[in-house]
1. Got at least one residue in segment 23-35 being under 18 Å from residue 82 (Cα atoms) and touching a residue at least 40 places away in the same chain (Cβ under 8 Å)?
2. Quick check on segment 272-289: of everything there that is charged (D, E, K, R), in a helix (DSSP H, G or I) and open to solvent by 30 Å² or more (accessible area, probe 1.4 Å), which residue is nearest to residue 178 (Cα to Cα)?
3. Hey, can you tell me all the residues within segment 184-228 that are part of a helix (DSSP H, G or I) and open to solvent by less than 20 Å² (accessible area, probe 1.4 Å)?
4. Cβ-Cβ distance below 7 Å, separation of 6 or more or different chains: which pairs start in segment 305-321 with a residue that is within 15 Å of residue 166 (Cα to Cα) and end on one that is among the basic types (Lys, Arg) and open to solvent by 30 Å² or more (accessible area, probe 1.4 Å)?
5. Cβ contacts < 9 Å: first residue at negative phi, restricted to segment 128-154; second residue open to solvent by 50 Å² or more (accessible area, probe 1.4 Å) and assigned to a helix (DSSP H, G or I), any location; separation 6+ or different chain. Result?
6. Which ones in segment 232-254 are touching a residue at least 40 places away in the same chain (Cβ under 8 Å), in a loop (DSSP other than H, G, I, E, B) and either under 14 Å from residue 193 (Cα atoms) or aromatic (Phe, Trp, Tyr) (or both)?
7. Would you be able to say whether some residue in segment 38-52 is under 27 Å from residue 140 (Cβ atoms) and in contact with an Asp or Glu (Cβ under 6 Å, 6 or more places away or on another chain)?
8. From (1) at pLDDT below 95; (2) part of a loop (DSSP other than H, G, I, E, B), pick out the condition that doesn't hold for residue 269.
Amino acid sequence: MPIAQSAFARTTLHGAGLTFRPATLDDVPWTADLQTARKPDEPANEEQLRHWWQSRDRDRVDDRWIVEEDGTAIGYAYVGHPAWEKAPMRAARLLAWFPRDQEGPARLRRALTVLEPYAITDGAAVFIANTVEGFDDELDALVAHGYREERRSKSWELDLVASRETIAAMTEASRERMRNERIEITTIDVVADPEKWRKLHAMCEASIQDIPTTVPHAPESFESFMKWMSSPGMHADRLWIAREGTAIVGMSVLEYPPGVGNVWTDYTGTARSVRGRGIARALKCETVSQAVALGVRRVRTNNDGENKPIVHLNEEMGYHRIPGFIQLLKAAPAG
């Protein structure tokens with residue numbers, strides 16, 4: 001049984017000519033630079049990385065390493081999963097990032113020969129890997145290593161300057177509909193209910209179950225949920241919720257990185273009981289209208305490719321496609 005609450009790797013690994021030394025908070029700037037160099041249009045935010053690296057979560061294992069070759073740091077590696085007693089599937093996410101050069105795909109495969117046995121020892125039965133649309137060399141390397149493509153998500157960007165009038169019209173129409181539906185749309189900071197965060201947590205846990213997925217969602221504790229709510233980039237006065245009476249039946253929030261980074265929709269979800277009433281649309285409209293008022297020029301969002309209602313809404317709002325993410329799976333060898 002792995003020790004929960006791991007935020008850094010618990011041991012140094014060696015193999016394939018590489019050394020995996022446990023990462024520390026001192027490695028955050030270097031890792032942020034690597035991440036930004038790999039995808040310059042998506043600059044990493046050091047403050048956000050630091051927040052998650054220093055978090056201890058009793059319901060998760062998150063092991064992080066700096067990969068070295070001949071004493072020089074060349075990459076970042078990660079193995080993470082929910083505590084097995086809470087996980088519907090014994091699936092661990094494996095990640096190995098290297099510079100986007102001709103050596104990258106081979107280094108990725110070398111790293112996986114070290115990370116996979118480690119994950120098996122930790123109890124994993126399935127490996128999850130991810131890459132980005134357009135990173136064809138990494139995708140080919142993963143497939144050659146035995147991974148198979150499972151799902152593709154769609155990522156989008158909305159030009160708030162060009163779409164200002166469309167957003168304003170959609171927001172006003174949604175406000176009128178919410179008045180007719182007797183649904184209150186507001187930010188959570190102005191809600192006086194002392195149970196509002198627990199109600200929001202319960203709604204999110206229920207709504208996320210309906211997102212198309214192959215790897216089932218592991219239940220998240222209220223403590224873990226509040227770490228997300230208190231992370232850099234999250235603001236209570238920018239977290240929009242829908243209420244029917246005193247019940248919270250929906251939410252949508254944009255994450256605003258402090259300083260460097262793009263503004264992304266972090267989550268939009270509604271209770272199953274209120275679907276079909278335009279609540280998700282109303283919430284998304286309020287988040288982007290607020291972003292316009294705050295002077296943000298563009299926002300990004302991501303959704304599963306099979307989530308047709310959200311795909312349709314994004315297209316209607318004027319979002320255009322940008323490279324999405326590819327999820328691949330591999331069964332751990334038996335025995």
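The values are calculated or read from the model by the stated rules, or taken from the named source; none is laboratory data. In this text, all values refer to a predicted model and were calculated from it rather than measured experimentally. Methodologically, a virtual Cβ is constructed for each residue, glycine included, from the backbone with ideal geometry; neighbour enumeration extends over all protein chains shown. Note: areas computed on protein heavy atoms with side chains; ligands, DNA, RNA excluded. Shrake-Rupley method; radii C 1.70, N 1.55, O 1.52, S 1.80 Å.
1. Within segment 23-35 (the criterion being under 18 Å from residue 82 (Cα atoms) and touching a residue at least 40 places away in the same chain (Cβ under 8 Å)), the answer is no, since none of the residues qualifies.
2. Of everything passing the filter in segment 272-289, 281 is nearest to residue 178 (Cα to Cα).
3. 188, 200, 203, 204, 207, 224, 225
4. That search, which allows pairs on different chains as well, returns 313/281.
5. From residues that are at negative phi, the pairs are 141/106; 141/109; 142/109; 144/109; 145/109; 145/113; 149/143.
6. Answer for segment 232-254, where residues must be touching a residue at least 40 places away in the same chain (Cβ under 8 Å), in a loop (DSSP other than H, G, I, E, B) and either under 14 Å from residue 193 (Cα atoms) or aromatic (Phe, Trp, Tyr) (or both): just 246.
7. No, because not a single residue in segment 38-52 is under 27 Å from residue 140 (Cβ atoms) and in contact with an Asp or Glu (Cβ under 6 Å, 6 or more places away or on another chain).
8. Going through (1) at pLDDT below 95; (2) part of a loop (DSSP other than H, G, I, E, B) one by one, residue 269 breaks only (2).
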